[in-house]
Amino acid sequence: MATRQQVREVCSHLDDTRPVSPDSADRCPECAALGDQWVHLRECQQCGHVGCCDSSKNKHATAHHTATGHPMVRSFEPGESWWFCYNDEVVFDLDGVGPVRAD
Ligand SMILES: [Zn+2]
Ligand SMILES: [Zn+2]
Ligand SMILES: [Zn+2]
């Protein structure tokens, strides 16, 4: 667990994020459109894009970061609350911030 102040020491992007609404409830929309499977989901913290993780065939979360420059995602897996910054390659949990999706 980290405070916002601790995160700011290793990542300058937390203040760019804002409350977002996920653009999907439980799937990677781009994989679903292709008829492909995904492994885990990530949610962009700047626009709410939901995409699949790097263990998935299509890596749509990383593709979204590459295409848009949006730096931060959170796990969109039920019960998971970690954040990841692509630019700084840091993973952290934030004090007082629970999972995007409950168990
Ligand atoms: Zn960062
Ligand atoms: Zn996908
Ligand atoms: Zn985004």
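What the table shows:
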| quantity | calculated |
| --- | --- |
| Residues of segment 10-61 that turn out to be free of Cβ contacts under 8 Å to residues at least 24 places away in the same chain, over 12 Å from the mean Cα position of the chain (by Cα), under 22 Å from ASP103 (Cβ atoms) and within 16 Å of ligand 3 (Cβ to nearest atom), as a count | 1 |
| Test: residue in segment 8-22 that is among the polar types (S, T, N, Q) and within 11 Å of ligand 2 (Cβ to nearest atom) | no |
| Residues of segment 55-103 satisfying the condition of being part of a loop (DSSP other than H, G, I, E, B) and in contact with a Ser or Thr (Cβ under 6 Å, 6 or more places away or on another chain) | TRP82, ASP93, ASP95, GLY98, PRO99 |
| Residue ID - nearest to CYS11 (Cα to Cα), chosen from residues in segment 63-103 that are crowded, with 20+ Cβ neighbours inside 10 Å and of a type in the set (A, V, I, L, M) | MET72 |
| Positions within segment 40-62 being exposed (fewer than 14 other Cβ atoms within 10 Å of the Cβ) and within 9 Å of ligand 2 (Cβ to nearest atom), in sequence order | LYS57 |
| Hits in segment 1-26 - residues which are surrounded by fewer than 13 Cβ atoms within 10 Å (Cβ to Cβ) and part of a loop (DSSP other than H, G, I, E, B) | MET1, THR3, ARG18, PRO19, SER21, ALA25, ASP26 |
| GLU43 being in a loop (DSSP other than H, G, I, E, B) and more than 15 Å from ligand 1 (Cβ to nearest atom) | no |
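Only the coordinates and a few stated rules stand behind these numbers; no lab work does. Because the structure is predicted, anything quoted here is derived from the model rather than measured. Glycine gets a Cβ as well: all are built from the backbone with ideal geometry, and neighbour counts include every protein chain shown.
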